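K.L.:
Could you have a look at this structure, given as C-alpha cells, before my questions?
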Protein chains: 2
Amino acid sequence: MDWKPSPHPHHTLQAQIVAWIAERIEHGDWNAGFRLPAQRELAARWSVNRSTVQAAIDELRAEGLLETRRGSGAYVSGSAWNALLARSQPNWQRHIRASVHKPNRHTIRLINDNEPDPSLVRLGTGELSPELLPARELERSLRDLKLDPRAIGYSEPLGSLRLRRALCVQLERLGIRAQPDNVCIVSGALQALQLIAVGLLEEGSAVFHEPISYLNSVHPFQSAGMRMLPFRHGPQLRERLARAARGRQSLLYAVPTLNNPTGRSWNPARRQGIYDACSELRIPIVEDDVYRDLLFAPGPPPIKATDGSGQVLYMGSLSKSLSPGLRIGWVVAPSPVAARLADVKMQTDYGSSAFSQEIAAHWLETGLYERHAERLRSELRRRAARTESALRERFRELADWETPEGGFYIWLRFRKPIADKSFFRRLLDRKVLINPGYIYDPSDLHHIRLSYAYASDEEMQAGLNALREEAERAWRD
Amino acid sequence: MDWKPSPHPHHTLQAQIVAWIAERIEHGDWNAGFRLPAQRELAARWSVNRSTVQAAIDELRAEGLLETRRGSGAYVSGSAWNALLARSQPNWQRHIRASVHKPNRHTIRLINDNEPDPSLVRLGTGELSPELLPARELERSLRDLKLDPRAIGYSEPLGSLRLRRALCVQLERLGIRAQPDNVCIVSGALQALQLIAVGLLEEGSAVFHEPISYLNSVHPFQSAGMRMLPFRHGPQLRERLARAARGRQSLLYAVPTLNNPTGRSWNPARRQGIYDACSELRIPIVEDDVYRDLLFAPGPPPIKATDGSGQVLYMGSLSKSLSPGLRIGWVVAPSPVAARLADVKMQTDYGSSAFSQEIAAHWLETGLYERHAERLRSELRRRAARTESALRERFRELADWETPEGGFYIWLRFRKPIADKSFFRRLLDRKVLINPGYIYDPSDLHHIRLSYAYASDEEMQAGLNALREEAERAWRD
C-alpha cells in the first residue's frame with residue numbers, strides 16, 4: 001500500500017483510486033470476500049478526502065466489484081458471477097473496464113447513467129427532446145400500417161426490400177444512385193460502424209478520423225482491435241495518410257456534413273481533396289451523414305454522390321430526424337460489401353425489427369417523413385437562434401462559437417481551458433448535464449458540446465445560467 | 001497447380017476448389033485482375049466435371065472474390081473494395097470466409113440464401129410459417145398502442161421498464177423470481193449469446209454444449225475466440241467437466257426444454273445434475289428456453305427456477321412464439337451481470353427497437369400473447385400429428401423418430417448415414433430445403449431436423465415424398 005494517487009491533469013484522484021483497487025482485484029491481491037480497510041484509514045494513507053474514497057467505492061460497487069455491508073465496510077464482491085468476472089481479466093475488462101482509466105470513458109458512463117434522471121437539465125444530449133419526437137403522428141400512422149405476414153418473419157439479410165426501395169428514392173434526391181442491393185439496413189449508425197469494424201477490417205487496421213471526433217466517444221473500432229489515427233486537413237494530405245497507414249489496411253471515417261460535435265461541414269473542395277487522396281491510396285471512406293436532413297439550408301452534396309468507384313460507404317439514419325427508438329439506419333455500399341455487412345449482421349442479431357422497418361418505409365413512402373423533417377428543421381432553427389441569443393447575452397466575454405447551419409449542436413469554446421472533469425462534476429452536482437469537449441478530443445479542455453435539441457427553452461435558460469456561474473468560478477480558480 | 005481435389009466424406013469437390021482458389025487470392029498468388037484458366041482446362045487438370053468448376057466459380061463470384069466477363073472467363077475481382085477485402089486476410093475472412101471449408105457452414109449459407117425463394121418447400125425451417133404469425137391481430141393491436149414520447153427516444157440500457165415489468169410477471173409463472181433490474185432486453189436470443197460471449201468471457205474460455213447443438217449452427221462464441229467443448233451426460237460429469245475446463249474460465253450452454261434440433265427435454269434429475277455439477281465448479285449455465293411457450297403439456301420448470309446463487313443466465317424470446325420480426329428476447333441474470341450485458345449492448349446498437357418493445361409489452365400485459373400462444377400450441381400439435389402420420393406411412397422402414405412434446409421439430413433419424421451434403425444438394429435441386437443433422441453435429445450423417453412449423457400441409461406432403469424418393473435413392477447407392 002505504498003501507492004498514492006497524485007494530482008493529474010486528466011485523471012481525477014477518484015479515477016486513480018478506482019483503477020488501483022480494480023487492479024488489486026484483477027491481480028488477485030484482493031480476493032472475493034476481502035474486507036477493505038476503513039474509509040477513514042484509506043483517506044489518511046492516500047491523503048485524500050474521505051468523500052473521494054467514498055465516491056470511488058460507490059463507483060466500484062455500481063460496477064459490481066465491491067459490495068458494502070451495513071456497519072462493516074466494503075468487501076470484494078463474493079457472488080459466483082462477480083468472482084468469475086473479476087477472477088481472470090475477461091474480454092469485457094479489456095474492452096470496457098480497462099477504460100475506467102480514461103476520464104472521457106468514465107464521463108460518458110456518468111452521462112449515460114444520469115440521462116434517465118428527469119430532474120436533470122441536459123445541455124449536451126445528442127437526441128431530440130420528447131416534444132420534438134412525432135409521437136402522436138407515429139401513433140396515428142400505426143393505424144394505417146398493413147402487415148404482410150411475410151414481412152414480420154425473419155428478415156432478408158439486407159433488410160426489408162420495401163424500405164430499401166424507399167431509401168433508394170430518397171438517396172436519388174441527394175445525387176446518390178443506389179439499387180436495393182447496395183443498401184444494408186442496420187439498427188442505427190453505431191451498429192453500422194460495428195459491422196464495418198468486424199466485417200471489413202482486420203485487427204490492427206488503421207482508422208483515420210478528424211482530431212475532434214464522434215469516434216472518440218464510441219469505440220466500435222478500438223473494441224475490434226483497430227488503431228485510431230487522427231488526421232488533419234491541409235497540404236500533402238495524401239502523403240501524410242500514406243505514411244501514417246504504413247501499408248496497413250486502413251479506412252477513413254468522417255462526418256463531412258454537420259460534424260458531431262462541432263456542427264461544421266466540409267466545403268466542396270475539402271470533400272474533393274479527401275476523396276482524391278483516399279482514392280489514390282485506395283483507402284475506403286466511411287461517410288457518416290446522419291445529420292443531413294437537419295441542414296437549415298441545402299449544403300454540398302454527399303461525397304458518395306461523386307463516388308464512381310465504390311470507394312465510399314455512406315451511412316444514414318432516422319435516429320436524429322425521426323425517432324431513435326426506431327433503431328433504423330442504413331449503409332450504402334458496393335453490393336458485395338453490402339452483402340458482407342448483411343451477413344455479419346445476420347450472425348449478430350438476425351436483422352433489425354421488422355416493425356421498425358415497416359414504419360420507416362411507410363413514413364418515407366407517404367411523405368410523412370419529409371413533412372415532419374421540414375417542421376423539425378424550422379423548430380431546430382428557432383431553438384438555435386434562441387440559444388445563440390442567450391449566449392450573446394451571457395457568454396460574450398467567456399466564450400466563442402459559430403452560428404449553427406443545422407443539426408443539434410453549438411460547439412462552445414471557452415477562452416480558458418476550464419472544461420475539465422471537475423467542471424463537469426460541479427455542473428452535475430447542480431443537476432446540469434454537459435458533454436465536455438474532452439469526450440471528443442482527450443486533449444481539449446476548452447469546449448463543450450451544447451445541444452439545443454433536448455432541453456426546453458426554460459431548461460436551456462436555467463442550464464446556461466448554471467453554466468455561466470460555474471464557468472466564472474472556474475475562471476477565477 | 002499440382003493440387004487436385006479428392007473425394008472426402010465432409011468436403012465436396014466444389015468446396016475444396018472454392019477453398020483452394022480463395023487461398024490463392026488470399027496469399028496473393030492470384031492478384032486482382034488475374035484471369036483464371038478456362039473452366040474446361042481447370043476441369044481437366046482437376047479431373048472433375050466442368051459443372052463443378054462452374055459451381056465453384058459461381059460461389060466465389062457471389063462472394064465477390066471473382067468476377068466474370070462475358071466471353072472471356074473469370075477474373076480475380078478488381079474493384080477497390082474487393083481487392084482490399086481479399087488483400088490482407090481481414091477479420092471477416094477469419095470469422096466468416098475461413099469457414100467456407102466447413103461444409104456445415106456452407107450448407108447454412110445455402111439455406112439462408114435459398115430461404116427467401118417462395119417456390120421452395122422448406123422442410124427444416126426453424127420459424128413459424130407466415131400463416132401462423134398473428135399478422136392481423138398484430139395489425140389491430142397497433143391501433144391500441146399509446147406511444148409515450150419518452151419511450152421512443154434512446155432506450156435505457158436494460159430496455160423498456162414497462163416490458164421488463166411485464167416479463168417479470170411472466171417469469172413468476174415459471175417459478176423464476178426476477179426484478180426488472182435482473183432483466184436485459186435483447187434483439188433475440190442470438191444477440192444474447194453474442195453479448196455473453198463479448199461481455200462476460202475472455203478469449204480462450206471453454207463453452208460446454210451438448211454434442212448435438214444449436215451452437216454448431218451459429219458461431220457467437222467461436223467468433224469471439226472461445227473453444228467449444230461438447231459434454232455428455234452421465235456419471236462423473238463434474239469430474240469430466242473439471243478436467244476439460246483445465247482451469248480456464250468456462251460456461252455451459254444448453255436448451256434443456258425442447259432442444260433445438262432434437263426436440264428433447266431434460267428430466268428433472270438431469271437438470272439437477274447439471275446444476276449441481278456446475279455450481280460446484282462455479283461454471284455458469286446459459287439456459288436457452290426460447291421454446292418453452294410451445295410445450296404441448298407442462299414440462300419440468302426451468303433450471304433458473306431452482307437457482308438460488310445466480311449461477312444461471314436464463315434466455316427467452318418472442319421469436320418462436322409471436323414474431324421473429326419483433327427481434328425481442330431477454331436475459332435474466334444477477335443485476336450486475338444484466339447491467340454488464342446492457343452496457344455492451346449499448347455499445348453495440350443503443351438498444352432494441354422501442355416500437356418492438358412497446359408491442360411486446362402490450363401483448364404480454366393485455367393477455368393477447370397468452371391467448372395467441374394457446375392457439376399456436378394447438379395448431380402446432382395438429383401439424384405435428386399430421387406430419388407423424390405421414391412419417392408412419394412413408395418412412396417406417398427408413399427412419400426412426402420420437403413423438404414431439406412441443407416446439408417445431410422432429411429429429412428424424414435415417415437408419416443409414418445418407419444425410420450428407422449431396423443428399424442436401426439433390427433435394428435442393430428438387431426445390432426441397434432440409435436442415436441436415438451435420439449442421440448441428442458435424443459427425444452426424446443420420447439425422448435431419450424436420451420442422452412442421454413452416455411448410456403448409458400440402459408442401460409437407462410433397463416435401464416428404466421427395467425426401468422419401470431421395471432417401472431411397474441414397475439407400476441404394
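K.L.:
Identify, please: which residue in the range B:198-222 is more than 14 Å from the chain's Cα centre (by Cα) and facing chain A (nearest Cβ under 8 Å) and is, among those, surrounded by the fewest Cβ atoms within 10 Å (Cβ to Cβ)?
P.N.:
B:GLU203
K.L.:
When you go through (1) surrounded by fewer than 23 Cβ atoms within 10 Å (Cβ to Cβ); (2) over 17 Å from the mean Cα position of the chain (by Cα) one by one for B:SER321, which number turns out not to apply?
P.N.:
The number of the failed condition is (2).
K.L.:
Return only the number of the condition from (1) within 23 Å of A:SER72 (Cβ to Cβ); (2) charged (D, E, K, R); (3) at pLDDT below 80 that A:ARG35 does not satisfy.
P.N.:
Only one criterion in (1) within 23 Å of A:SER72 (Cβ to Cβ); (2) charged (D, E, K, R); (3) at pLDDT below 80 is unmet by A:ARG35, namely (3).
K.L.:
Is it the case, given these coordinates, that A:VAL331 is in contact with a Cys (Cβ under 8 Å, 6 or more places away or on another chain), modelled with pLDDT of 95 or more and assigned by TED's automatic domain parsing to the domain that holds A:GLU172?
P.N.:
Yes.
K.L.:
Which pairs do you get when a residue that is part of a strand (DSSP E or B), found in the range A:58-85, comes within reach of a residue that is modelled with pLDDT under 60, reach meaning Cβ atoms under 9 angstrom, with the pair 6+ apart or on two chains?
P.N.:
Listed by first residue and then by second, the contacts come to A:GLU67/A:SER79; A:GLU67/A:ASN82; A:VAL76/A:ASN82; A:VAL76/A:ALA83; A:VAL76/A:ALA86.
K.L.:
Right, here's the next one. Which of the residues that make up the range B:287-300 are assigned to a loop (DSSP other than H, G, I, E, B) and either more than 25 Å from B:LEU368 (Cβ to Cβ) or of a type outside the set (Ser, Thr, Tyr) (or both)?
P.N.:
B:ASP289, B:VAL290, B:PHE296, B:ALA297, B:PRO298, B:GLY299, B:PRO300
K.L.:
Within the range B:229-251, does at least one residue satisfy the condition of being surrounded by 23 or more Cβ atoms within 10 Å (Cβ to Cβ), closer than 27 Å to B:VAL344 by Cα and either at pLDDT 90 or above or in contact with a Cys (Cβ under 7 Å, 6 or more places away or on another chain) (or both)?
P.N.:
yes
K.L.:
Oh, and also: Which pairs have Cβ atoms under 8 Å, sit 6 or more apart or on different chains, and link a residue in the range A:1-28 that is over 20 Å from A:LEU65 (Cα atoms) and surrounded by fewer than 15 Cβ atoms within 10 Å (Cβ to Cβ) to one that is modelled with pLDDT of 75 or more and of a type in the set (Lys, Arg)?
P.N.:
Close Cβ pairs satisfying both conditions: A:LYS4/A:ARG45.
K.L.:
Scanning for something more than 7 Å from chain A (Cβ to nearest Cβ), part of a loop (DSSP other than H, G, I, E, B) and at pLDDT 95 or above, does the range B:131-141 turn up at least one residue?
P.N.:
Within the range B:131-141, one or more residues are more than 7 Å from chain A (Cβ to nearest Cβ), part of a loop (DSSP other than H, G, I, E, B) and at pLDDT 95 or above.
K.L.:
Just a yes or no: is a residue in the range B:101-124 modelled with pLDDT under 50, under 27 Å from B:PRO7 (Cα atoms) and not in a helix (DSSP H, G or I)?
P.N.:
Yes.
K.L.:
Further question on the same structure: Looking only at the range A:170-197, filter to residues that are of a type in the set (Gly, Ala, Ser) and within 10 Å of another protein chain (Cβ to nearest Cβ); which one of those is nearest to the chain's Cα centre (by Cα)?
P.N.:
Filtering first and then ranking leaves A:ALA189.
K.L.:
Only one of A:GLY159, A:GLY153 is over 30 Å from A:PHE424 (Cα atoms), within 13 Å of chain B (Cβ to nearest Cβ), surrounded by 22 or more Cβ atoms within 10 Å (Cβ to Cβ) and at pLDDT below 95. Can you tell me which?
P.N.:
The unique qualifying residue is A:GLY153.
The values are calculated or read from the model by the stated rules, or taken from the named source; none is laboratory data. From a predicted model like this one, the values you see are computed outputs, not experimental measurements. All Cβ positions, glycine included, derive from the backbone under ideal geometry; neighbour counts span all protein chains shown.
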